[in-house]
Amino acid sequence: MMVLLRHLLGDVLRRLRQRQGRTLREVSADARVSLGYLSEVERGQKEASSELLSSICGALNVPLSQVLREVSDLLALAELQEAALLDDAVTSQTVSAEELGIDPVPDRVPQVADMVGV
């Protein structure tokens, strides 16, 4: 599962707007962005240009750097979770030699003396 940047960005923007108790309509008017487009950005359905992000951040009175920092932190967490899931999947998929019908490797290699009966 790949985490998409636009989903994280939309989540951060929505959370900031909701924390301020503002509606999509208010922010879209202040940012001069259509209500529908802002909604799609928040839902992670549209990629926002840097100009659009700047307008939205301005309307929210939040520096773009703060938004990008929050997105970056969320992305780092998602990558760690994804790596942990992959590690778990690899570990849980380990199959023994017997399950594959292969003779297991012996714990030790017999000494030549053991083999000739000395």
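The values are calculated or read from the model by the stated rules, or taken from the named source; none is laboratory data. Since this is a predicted model, take the numbers as computed values, not measurements. Cβ coordinates were reconstructed from backbone atoms using ideal geometry, including for glycine residues, and neighbour counts include every protein chain displayed. These accessible areas exclude ligands, DNA and RNA; they are computed on the full protein's heavy atoms, side chains included. Shrake-Rupley method; radii C 1.70, N 1.55, O 1.52, S 1.80 Å.
Taking the conditions exactly as written (without any contact (Cβ under 8 Å) to a residue 40 or more places away in the chain, over 21 Å from A76 (Cα atoms) and assigned to a loop (DSSP other than H, G, I, E, B)), does G36 satisfy them or not? No; evaluated as a whole, the condition is false for this residue. Somewhere in the range 61-69, is a residue closer than 30 Å to D30 by Cβ, open to solvent by 100 Å² or more (accessible area, probe 1.4 Å), part of a helix (DSSP H, G or I) and at pLDDT 90 or above? Within the range 61-69, one or more residues are closer than 30 Å to D30 by Cβ, open to solvent by 100 Å² or more (accessible area, probe 1.4 Å), part of a helix (DSSP H, G or I) and at pLDDT 90 or above. Looking at the range 39-60, which of its residues are in contact with a Gly (Cβ under 9 Å, 6 or more places away or on another chain) and assigned to a helix (DSSP H, G or I)? Scanning the range 39-60 gives E40, V41, E42.
One residue stands out in the range 41-60 among those that are over 14 Å from L5 (Cα atoms) and free of Cβ contacts under 8 Å to residues at least 40 places away in the same chain: the one that is most open to solvent (accessible area, probe 1.4 Å), namely E51.
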